[in-house]
Amino acid sequence: MIFDTSSLDRAALHGLINGLVYPRPIAWVSTISTSGQPNLAPFSFFNAFSFYPPTVAIGPGSRKGVNKDTLRNIRETGEFVVSVVTEDLAKLANATSAEFSAEINEWEELGIPGADSVAVRPRRVAASPAAFECRMLQIVDLGSPDSPTNSLVLGRVVRIYADDAILDGIRPRSDALQLVGRMGGDEWCRTTDKFSLRRPDSTDPAEVKRTLDSSSDH
Ligand SMILES: Cc1cc2nc3c(=O)[nH]c(=O)nc-3n(C[C@H](O)[C@H](O)[C@H](O)COP(=O)(O)O)c2cc1C
């Protein structure tokens with residue numbers, strides 16, 4: 001089946017894109033409004049796009065044509081913090097996705113302890129083992145100005161917090177992190193079922209093809 005995206009409605013596109021592009025890492029994004037109101041919400045349109053310079057992006061949307069609090073706060077203040085989501089934090093992160101009104105403080109209402117950031121004002125989630133302090137680089141509004149939809153927010157990572165317990169030297173240990181991801185619908189996934197593949201180190205296609213027959217990398 002081929003879908004013409006121009007003839008699909010919002011719900012159909014949501015199902016197709018989110019059901020085909022996964023696993024998506026989850027950014028638990030904290031921001032502060034210009035009036036000082038803290039906000040916390042999860043976003044699975046999230047990834048790192050460069051480590052040099054360190055750059056991440058999130059895709060916060062709009063509700064009925066009005067920017068979500070996260071997007072509005074980043075637009076106004078230029079700052080956000082991404083805390084990573086582990087398996088034992090998944091339920092709590094999910095709870096912060098409730099469509100609360102802007103004056104609700106998710107941290108207080110759901111009893112989520114925060115820890116001060118170093119270079120930006122929004123706090124990180126204290127129980128999360130890693131966080132990225134970000135300054136907004138650019139916002140690309142993907143919809144039209146009269147009908148706001150999703151936006152692409154690019155952020156320069158200015159500080160990285162990593163709990164010593166998840167580090168081996170300066171290398172994060174995936175077995176200690178146990179991050180989770182998002183799939184389509186309400187499905188989430190673990191990152192505990194892993195396999196390794198060595199990258200081809202040859203520039204000779206015949207040699208690279210020979211590695212396909214070897215099972216030693218699994
Ligand atoms: C795991 C998860 C991932 C989500 N990812 C996104 C996303 O990428 N973009 C988005 O606009 N909403 C996403 N949502 C929904 C937002 O978290 C939700 O709309 C939230 O209320 C936004 O909060 P805010 O208005 O305080 O910014 C996600 C929800 C969950 C549970």
Qualifying positions in region 66-78 - part of a loop (DSSP other than H, G, I, E, B) and within 13 Å of the ligand (Cβ to nearest atom): LYS68
What single numbered condition from (1) assigned to a strand (DSSP E or B); (2) over 23 Å from GLY181 (Cα atoms) fails to hold for VAL81? (2)
Residues that are within 13 Å of the ligand (Cβ to nearest atom), without any contact (Cβ under 8 Å) to a residue 24 or more places away in the chain and either among the aromatic types (Phe, Trp, Tyr) or farther than 29 Å from SER50 by Cβ (or both): does region 126-147 have at least one? no
Does at least one position in region 49-63 carry a residue that is within 12 Å of the ligand (Cβ to nearest atom), at pLDDT below 95, touching a Ser or Thr at 6+ places or on another chain (Cβ under 8 Å) and not in a strand (DSSP E or B)? yes
Restricted to region 159-192, and to residues that are in a strand (DSSP E or B) and of a type in the set (Val, Ile, Thr), which residue is farthest from LEU92 (Cα to Cα)? ILE160
Given SER30, SER35, which one is surrounded by fewer than 20 Cβ atoms within 10 Å (Cβ to Cβ) and either modelled with pLDDT of 95 or more or on the phi > 0 side of the Ramachandran plot (or both)? SER35
When TRP28 is run through (1) closer than 20 Å to THR191 by Cα; (2) more than 8 Å from the ligand (Cβ to nearest atom); (3) out of contact with any helix residue (DSSP H, G or I) (no Cβ under 9 Å at 6 or more places or on another chain), the failure sits at (3)
Filter region 31-45 down to residues that are closer than 22 Å to ILE112 by Cα and near the ligand (Cβ under 8 Å from one of its atoms), then give me how many there are. 7
Output the residues belonging to region 172-211 that are without any contact (Cβ under 8 Å) to a residue 24 or more places away in the chain, hydrophobic (A, V, I, L, M, F, W, C) and closer than 30 Å to HIS14 by Cα. PHE195
Among the residues of region 88-109, is there at least one that is of a type in the set (S, T, N, Q) and away from the ligand (no atom under 12 Å from the Cβ)? no
With aliphatic (A, V, I, L, M), surrounded by fewer than 14 Cβ atoms within 10 Å (Cβ to Cβ) and within 20 Å of GLY59 (Cα to Cα) as the only criterion, which of VAL140, VAL180 stands out? VAL140
Restricting attention to region 110-125, report how many residues are in a loop (DSSP other than H, G, I, E, B), away from the ligand (no atom under 14 Å from the Cβ) and crowded, with 20+ Cβ neighbours inside 10 Å. 3
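The values are calculated or read from the model by the stated rules, or taken from the named source; none is laboratory data. Fair warning: this is a prediction, and the values are worked out from it, not measured in the lab. FYI the Cβ positions are ideal-geometry reconstructions off the backbone, even for glycines, and counts take in every protein chain you see.
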